[in-house]
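Here the structure comes first, spelled out in structure tokens, and everything after it is commentary.
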Amino acid sequence: MSMMQNGLVSLENLTTMENLSTEEVMGLIKRASEFKAGTAEFKLDKQTFASNLFFENSTRTHHSFHIAEAKLGLDILEFDAKASSISKGETLYDTILTLDALGVEVCVVRSGVENYYEELVESDNIHCAIVNGGDGSGQHPSQCLLDLMTIYEEFGKFEGLRIAISGDLTHSRVAKSNMMMLKKLGAKLYFTGPAAWYDEEFDQYGRYANLDRILPKLDVHMLLRVQHERHDSEESFSKESYHRQFGLTEERAKTLKPEAIIMHPAPVNRDVEIADSLVESSQSRIVQQMTNGVYTRMAILEAVLAGRKG
């Protein structure tokens with residue numbers, strides 16, 4: 001359940017982009033932009049605890065949420081998955097139940113288990129807000145929202161933009177979250193990369209295309225990390241071959257429109273998905289995406305705290 005209050009988004013939880021309307025997405029982008037500009041007013045009316053439970057490695061998302069929480073004045077209850085009772089066999093449900101009982105109001109969770117959040121948000125005994133920091137190859141709503149913020153900052157619209165999502169599509173929660181919402185917002189989507197990493201489920205959002213043919217038309221080229229940890233360990237992979245066939249090489253980048261932008265959720269495998277020299281180039285928005293992640297997550301946290309009051 002979600003709603004808009006006084007122009008601000010109010011959410012009980014944020015687990016998947018499917019639950020957000022385009023109005024709520026635009027409201028969160030606007031609020032994130034206000035936090036970035038320093039014009040947003042936010043004040044806690046009581047001591048409020050948040051905890052970040054990351055069961056998969058993370059630099060950007062984990063620390064971005066931590067900084068967002070600190071900027072909002074939340075008290076952060078540190079959580080080390082390896083030192084928690086989960087190492088003794090406790091379930092994620094019982095861990096969240098415990099944190100909720102202790103007074104934690106927001107739990108940000110990353111798990112390798114897809115849809116882990118379903119039993120948490122359906123429980124009558126868990127009252128803290130659940131924010132999905134990524135579930136397996138499922139969804140990554142906060143990354144999607146920071147990507148949308150970055151695109152909107154650049155173009156001021158989504159309708160009619162030509163956007164390619166390229167790379168490890170079937171394993172990417174970023175691709176699945178982004179294609180869903182970009183389609184709703186009116187963008188024209190293309191998918192590129194190895195055919196073996198494309199699934200027919202993507203057909204409802206865009207079309208599989210040859211990268212070299214569509215590059216000159218694009219407004220946004222969104223690259224995805226090759227997720228070696230989610231592939232069969234026996235699967236052969238050549239970085240050089242992948243970069244040559246499917247990566248954004250220096251030569252390919254020359255065919256982009258001057259106003260087109262390059263994006264990547266990071267971490268970046270340099271000279272695999274994208275040439276090393278392009279990561280911090282003038283058309284790249286990869287660093288800006290990371291910056292925008294803090295402000296987007298501030299907007300998300302504000303929304304779920306408002307949802308608890310509602």
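Annotations
- Value at 222 nm in deg cm²/dmol, rounded to 500, when DSSP H runs of n ≥ 4 in the chain each add -39,500 (n - 2.57): -11000 deg cm²/dmol
- Chymotrypsin sites (Phe, Trp or Tyr not before Pro) restricted to DSSP loop in region 234-295 with at most 16 other C-beta within 10 Å: 237
- Legend: residues 22, 150, sorted from most to least accessible area (1.4 Å probe; ligands, DNA and RNA excluded), read 22, 150.
- Theoretical FRET efficiency, 1/(1+(r/R0)^6), r = Cβ-Cβ of residue 309 and residue 59, R0 25 Å, to 0.05: 0.20
- At full extension, residue 282 and residue 115 could sit 56.4 nm farther apart than now, given 0.36 nm per residue minus the alpha carbon distance.
- DSSP-assigned coil residues among trypsin sites (Lys or Arg not before Pro) in region 151-249, each with at most 16 further Cβ atoms within 10 Å: 157
- Accessible surface, 1.4 Å probe, highest first, among residues 212, 199: 212, 199
- Rounded tilt (10° steps) of 92-102 against the dominant C-alpha axis of the chain: 40
- Its alpha carbons give region 141-285 an Rg and a Dmax of 14.1, 45 Å.
- Degrees separating the helix 286-309 axis from the principal Cα axis of the chain, which is the longest one: 30
- Here is the list for region 20-122: trypsin sites (Lys or Arg not before Pro) lying in DSSP coil, each with at most 10 other C-beta atoms within 10 angstrom of its C-beta, are 43, 46.
- Those lysines that a straight Cα-Cα span of less than 16 Å connects to residue 71, excepting residues fewer than 8 apart in one chain: 36, 43, 46
- Counting heavy atoms of the protein chains alone, residue 59 has an accessible area of about 80 Å² for a 1.4 Å probe.
- Loop exposure criterion: GluC sites (Glu not before Pro), DSSP state outside H, G, I, E and B, at most 12 other Cβ atoms within 10 Å. Applied to the chain, the longest stretch between such sites is 79-158.
- Amide proton proximity set for residue 14, modelled H, under 5 Å, gap of 5+: 130, 131, 132
- Global geometry of the chain, whether rounded, prolate or oblate, following the gyration tensor of its Cα atoms and the 1.5 cut on a/c: prolate
- Beta bridges per DSSP with both ends in the chain, % antiparallel, nearest 5: 10
- Model label zone, residue 249; criterion: amide N under 17 Å from point 7 Å along Cα-to-beta-carbon; scope region 193-222: 193-194, 210-216
The values are calculated or read from the model by the stated rules, or taken from the named source; none is laboratory data. Model, not experiment: these values are computed from the prediction. As a convention, Cβ positions derive from the backbone with ideal geometry for all residues, glycine included, and neighbour counts pool all protein chains shown. Each accessible area value is taken on the protein alone, full model and side chains, heavy atoms only, with ligands, DNA and RNA left out. Shrake-Rupley method; radii C 1.70, N 1.55, O 1.52, S 1.80 Å.
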